[in-house]
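The values are calculated or read from the model by the stated rules, or taken from the named source; none is laboratory data. From a predicted model like this one, the values you see are computed outputs, not experimental measurements. For neighbour counting, all protein chains shown are included, and Cβ atoms are generated from backbone atoms with ideal geometry for every residue, glycine included. These accessible areas exclude ligands, DNA and RNA; they are computed on the full protein's heavy atoms, side chains included. Shrake-Rupley method; radii C 1.70, N 1.55, O 1.52, S 1.80 Å.
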Amino acid sequence: MSDLYRFLPEELDTVVTGGGHPRYRADQVLHGLYQGSAVDLQSLAGIPATLRALFFEQGHSVGSAGEVRRVVSDDGETTKLLLRMGDGTLIETVLMQYPDEDGGKHPRSTVCVSTQAGCAMGCVFCATGQMGFERNLRAEEVVAQVVHISRALREREQHVTNVVFMGMGEPLANYPETLRAVKLLTHPRAFGLGQRSVTISTVGVLRSIERLAEEKLQVGLAISLHAPNDDLRRRLVPTASPTSVGDLVAAAKRYAKTTGRRVTFEYALLDGLNDSPALARELAALLVGSGTHVNLIPVNATSGGFRPPPRGRVLAFEAILREGGVNCTVRVEKGAEIAAACGQLRTDEGRGLISADSL
Ligand code: SAH
Ligand code: SF4
């Protein structure tokens, strides 16, 4: 008994041919799922009734995410969705659009997916971390977030161009389901995104980074570092191991070597906590020559009372990294006013999304 969105194409082939149907029927089913964004067995267009009956008899269904609420940012480029999973679990998914040069008709459309309801890592400045862990999402529930947005975009003659695993939860603490979701989203017979259009962001589950490297995928990896030394990092990421900083830099180098893809370190800048020139120099010394890139993220407001540094301090931090020979950019945040920016995703009572009601 499974959701058809869970099956990799090869697995679906087995179900279809095992039931006495030709293999091309599996392609029709996949087309109905990923090009048709089917929401139930009935809406799977163009397949014979006998095949639909086979799925039904075997207990297979077609799941979908139910849209509970949609909030759009003032500039229209960021959309946050509150989605309900089959068992009632609520999660958030964000669509970020970046207009193209010829007027925004075919913008880059990046979906930021959640991989867990809540998160167990407890990062002090992250709204999701502060709500605690509820449960892992299944691969088909991750795929459902993308399919849901894909359906909405198709109505505007647009499509999903990128997926980032940067929503609620720690993707590499839910490794098997995250990997299956990546395969479904990038399989040419399923959702069909290029592997290079997918990025996984992790707080640094070492064993899973190693495993991911061994999969030999072309998926991008971002590691949330936030500090150049272990003492400070453990204050910001309480679940980090006592040697996480050095371990993560080594893991990033290995990932880059095995996959050929450059790794990004994310560094949330917190006013007065990790934004000093001395820490910038320490970070530069740590990363110079590692071939990695640093993405500085002035922290977004959450209930923890953390503030972004003044602009001048952000730019000074960036300059020190550059002078120290480290590639670096400052992230332009989108969607802060609708609490859709990094670390603001939270679905418990009265926070985040719910407060956006007043918009
Ligand atoms: N668990 C993964 C992916 C989800 S968090 C991870 O931690 O990487 C995605 C990114 O948002 C991470 O880099 C995280 O550090 C960052 N983030 C969390 N809270 C934030 C906040 N309040 N402001 C800015 N970035 C934040
Ligand atoms: Fe979890 Fe990432 Fe938030 Fe940390 S920043 S609590 S790992 S979602």
Rounded to 10°, Cα long-axis angle of helix 139-154 versus longest principal axis of the chain: 80
Full-stretch length increase - S43, E157 - with 0.36 nm per residue and alpha-carbon distance subtracted: 39.0 nm
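Suppose R0 equals 25 Å. What FRET efficiency, 1/(1 + (r/R0)^6) with r the Cβ-Cβ distance, do R135 and E210 give to the nearest 0.05? Could you put the intermediate results ahead of the total?
Values: r = 25 Å, r/R0 = 1.00.
Taking R0 as 25 Å, the efficiency between R135 and E210 is 0.50.
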Whole-percent carbon and sulfur share, accessible surface of the chain, 1.4 Å: 52
For N327, distant residues with modelled amide H under 5 Å away: V294
Per-q log10 I(q)/I(0), segment 158-210, q = 0.13, 0.15, 0.25, 0.32 Å⁻¹ (Debye; single scatterer per alpha-carbon; no solvent): -0.32, -0.42, -1.01, -1.31
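Quickly estimate the mean residue ellipticity at 222 nm for the chain, helices only: each DSSP H run with n ≥ 4 gives -39500 (n - 2.57), and the total goes over all residues, rounded to 500.
On the way: 11 runs with 119 residues, N = 359.
So the calculated ellipticity at 222 nm is -10000 deg cm²/dmol.
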Rounded, prolate or oblate (a/c below 1.5 giving rounded, otherwise prolate when a/b exceeds b/c) for segment 262-351 by Cα gyration tensor: prolate
Reach of K183 by Cα under 26 Å, taken over lysines that are not fewer than 8 positions away in the same chain: K80, K216, K253, K257
Spatial separation of Cα centroids for segment 78-121 and segment 144-216, in angstrom: 12
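Taking square-rooted eigenvalues a ≥ b ≥ c of the alpha carbon gyration tensor, is segment 2-61 rounded, prolate or oblate, where a/c under 1.5 means rounded and, failing that, a/b exceeding b/c means prolate? Provide the component values of the computation, followed by the final result.
Details: a/c = 1.28, a/b = 1.18, b/c = 1.08.
It comes out rounded by the Cα gyration axes.
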Karplus-derived 3J(HN,Hα), 6.51/-1.76/1.60, for each residue of segment 240-254, Hz, glycine and proline x: 5, 6, x, 10, 5, 4, x, 4, 6, 5, 5, 5, 5, 5, 5
Derived scalar couplings ³J(HN,Hα) [segment 113-127; Karplus, 6.51 cos²θ - 1.76 cosθ + 1.60; whole Hz; x for Gly, Pro]: 9, 8, 10, 9, 8, x, 7, 8, 7, x, 3, 5, 9, 10, 4
In degrees, nearest ten, helix 311-323 long axis to first principal axis of the chain (Cα): 90
Interchain or long-range residues, amide H under 5 Å from A38's placed H: L33
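If you wrap segment 66-351's Cα atoms in a convex hull and average its projection over all directions, what's the area in nm²? Walk me through the numbers on the way to the answer.
Details: hull surface 58.1 nm².
If you wrap the Cα atoms of segment 66-351 in a convex hull and average its projections, you get 14.5 nm².
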A316 paired with R254, simple spin-label distance in nm, labels 7 Å along Cα-to-beta-carbon: 3.8
Taking the C-alpha atoms of segment 172-293, convex hull volume expressed per residue in Å³: 101
Where the chain is the region considered: accessible area per residue in Å², 1.4 Å probe: 42
Dipole moment magnitude, nearest 20 debye, the chain about Cα centre, only Lys, Arg, Asp, Glu C-beta charged: 640
Listed residue (T202, A285, L269) projecting farthest to the positive dipole end of the chain, Cβ model: A285
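Which of the three applies to segment 1-155, rounded, prolate or oblate, going by the alpha-carbon gyration tensor with a ≥ b ≥ c and a/c under 1.5 meaning rounded? All intermediate terms of the calculation are to be shown ahead of the outcome.
Values: a/c = 2.63, a/b = 1.49, b/c = 1.76.
Judged from the Cα gyration tensor, segment 1-155 comes out oblate (a/c at least 1.5, b/c at or above a/b).
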Linear extension gain, E57 paired with A278, 0.36 nm per residue minus alpha-carbon span: 73.1 nm
Potential lengthening between S241 and T14 on full extension [0.36 nm per residue; Cα-Cα distance subtracted]: 77.4 nm
Whole-Hz ³J(HN,Hα) from phi, Karplus 6.51 cos²θ - 1.76 cosθ + 1.60, for segment 58-71, glycine and proline x: 7, x, 7, 10, 10, x, 7, 8, x, 7, 8, 7, 10, 10
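So if a site counts as exposed when it's one of the trypsin sites (Lys or Arg not before Pro), its DSSP state isn't H, G, I, E or B, and it has at most 12 other Cβ atoms within 10 Å, what's the longest stretch of the chain without one?
Working: sites that count: R23, K105, R156, K216.
In short, 217-359.
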Lone cysteines, the chain (no partner Cβ under 4.7 Å): C112, C119, C328, C342
